[in-house]
1. Please pick out the residue among 177, 135 that is modelled with pLDDT of 90 or more, surrounded by fewer than 19 Cβ atoms within 10 Å (Cβ to Cβ) and closer than 18 Å to residue 27 by Cβ.
2. Within the stretch 104-122, how many residues turn out to be in contact with a helix residue (DSSP H, G or I) (Cβ under 7 Å, 6 or more places away or on another chain) and either more than 18 Å from residue 58 (Cα to Cα) or surrounded by 24 or more Cβ atoms within 10 Å (Cβ to Cβ) (or both)?
3. Residue under question is residue 172, and the condition is that it be part of a helix (DSSP H, G or I), modelled with pLDDT of 85 or more and touching a helix residue (DSSP H, G or I) at 6+ places or on another chain (Cβ under 8 Å); does it hold?
4. Are there any pairs, at least 6 apart or on different chains, whose C-beta atoms fall under 9 Å, with the first in the stretch 55-67 and more than 20 Å from residue 16 (Cβ to Cβ) and the second surrounded by fewer than 18 Cβ atoms within 10 Å (Cβ to Cβ), and if so, which?
5. Output yes when any residue across the stretch 78-97 is farther than 24 Å from residue 122 by Cβ and assigned to a helix (DSSP H, G or I), and no when none is.
6. For residue 21, indicate whether it is over 16 Å from residue 114 (Cβ atoms), modelled with pLDDT of 90 or more, surrounded by 14 or more Cβ atoms within 10 Å (Cβ to Cβ) and within 14 Å of the chain's Cα centre (by Cα).
């Protein structure tokens, strides 16, 4: 597989992958979106919009699953996850703050959306808070990725071929995703011990 082929894949399917990544625990996807914007693969506005739409969609779908499909196997599976009970208590005590901040609590985002749906928060209130939170989140992480691109370029040099910089970005994205997965597993184990 040549680096040029990978570059073409990123150009063709990168926004779809970023959207899907941002629907779940997608900080690394949003950072990659910003990096790719810096490299000129996507426009910065495209990266921001796709990260925002992915974040809004993911949380809204989880909220609606909790609200309307509480008896489903999927919701039951998420209710059994470590952290769900804590998320449900937090959303009961501080519903607005929880919806605004849940996406920043790594490892709670999936269970948090379902917990919010089960909590009785009105759908219009959730949607407004979700839009606001997703806009801030997407702006923050895409901007971090954009500035990561600036820093990487100053370190490795602007002379490095564009497709080589994309390979560096993909490697960094995979490393971020792996680190996030390890941190979430560690936090889940700690919550299970409490």
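The values are calculated or read from the model by the stated rules, or taken from the named source; none is laboratory data. Bear in mind the structure is a predicted one, so any value in this text is a computation, not a measurement. Note that each Cβ is placed from the backbone with ideal geometry, even for glycine, and that neighbours are counted across all protein chains shown.
1. 135 is the lone residue from the list that is modelled with pLDDT of 90 or more, surrounded by fewer than 19 Cβ atoms within 10 Å (Cβ to Cβ) and closer than 18 Å to residue 27 by Cβ.
2. Total meeting the criteria: 8.
3. Details: part of a helix (DSSP H, G or I): yes; modelled with pLDDT of 85 or more: no; touching a helix residue (DSSP H, G or I) at 6+ places or on another chain (Cβ under 8 Å): yes.
Criteria not met by residue 172.
4. Sorted first by the residue in the stretch 55-67, then by its partner, the pairs are 63/123; 63/127; 64/123; 65/72; 65/74; 66/79; 67/120; 67/123.
5. Checked against the condition, which is being farther than 24 Å from residue 122 by Cβ and assigned to a helix (DSSP H, G or I), the stretch 78-97 yields no hits at all.
6. On the way: over 16 Å from residue 114 (Cβ atoms): yes; modelled with pLDDT of 90 or more: no; surrounded by 14 or more Cβ atoms within 10 Å (Cβ to Cβ): yes; within 14 Å of the chain's Cα centre (by Cα): yes.
Answer is no for this residue.
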